[in-house]
Amino acid sequence: MKIDKKLIKELVENLKDFNLTELEYQEGQTRIKVSRASKTIEAPITSAVVSPNKAVLKNSDDGDGIRVKSPIIGTAYLAPEPGAKKFVNVGDKIKKGQTIMIVEAMKTMNHVPSTSDGEVKKILVEDGQPVEFGQTLILLK
């Protein structure tokens with residue numbers, strides 16, 4: 001497999017330009033994921049992983065039920081603003097279309113609706129946690 005360095009550099013630039021912590025790109029059987037992490041006050045570390053398309057287990061959500069997944073990459077918020085009441089709590093009965101949380105992407109707050117009726121069995125993300133497209137956010141009974 002030949003690594004496209006130009007594409008990786010472009011993806012890293014997008015991380016900086018859009019102030020993202022992680023970006024994933026897929027074309028055919030090749031998937032490229034770039035991310036940056038800042039553990040010190042120094043410049044952020046940027047890394048890239050190129051791998052054949054494989055199923056990657058992102059969550060340890062070992063329960064059965066209806067999974068409500070993130071429609072976009074961004075930062076998950078469980079309440080409309082800091083200190084406010086959460087949109088949903090474990091045990092809440094919710095309706096299809098009800099907002100379960102917000103995912104912020106590029107300074108835009110995107111309300112995430114429930115995909116079906118049910119009872120919240122488990123919330124799989126923390127407030128302020130980065131989430132990926134398709135990542136399970138909550139589990140419904």
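The values are calculated or read from the model by the stated rules, or taken from the named source; none is laboratory data. Keep in mind that what you see is a predicted model, and the values were worked out from it rather than measured. Note that we place each Cβ from the backbone using ideal geometry, even for glycine, and neighbour counts take in every protein chain shown.
Computed quantities for the displayed model
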| quantity | calculated |
| --- | --- |
| Region 110-125 - residue that is in contact (Cβ under 8 Å) with a residue 24 or more places away in the chain and under 15 Å from the mean Cα position of the chain (by Cα) and, of those, surrounded by the fewest Cβ atoms within 10 Å (Cβ to Cβ) | 110 |
| Scan of region 86-107 for residues that are assigned to a loop (DSSP other than H, G, I, E, B) and touching a Phe, Trp or Tyr at 6+ places or on another chain (Cβ under 6 Å), ordered by number | 106 |
| Strands (runs of 3 or more DSSP E) wholly inside region 1-85 that include at least 1 residues being modelled with pLDDT under 85 | 22-27, 30-37, 45-52 |
| Residues located in region 74-104, provided they are of a type in the set (Asp, Glu), surrounded by 12 or more Cβ atoms within 10 Å (Cβ to Cβ) and over 12 Å from residue 120 (Cα atoms) | 104 |
| Among (1) of a type in the set (Val, Ile, Thr); (2) part of a loop (DSSP other than H, G, I, E, B); (3) at pLDDT 90 or above, the one test that residue 115 misses | (3) |
| Neighbours by Cβ (under 7 Å, 6+ apart or cross-chain): first from region 1-20, under 26 Å from residue 108 (Cβ atoms) and in the same structural domain as residue 31 (by TED's automatic domain parsing); second of a type in the set (Phe, Trp, Tyr) and surrounded by 11 or more Cβ atoms within 10 Å (Cβ to Cβ) | 11/25 |
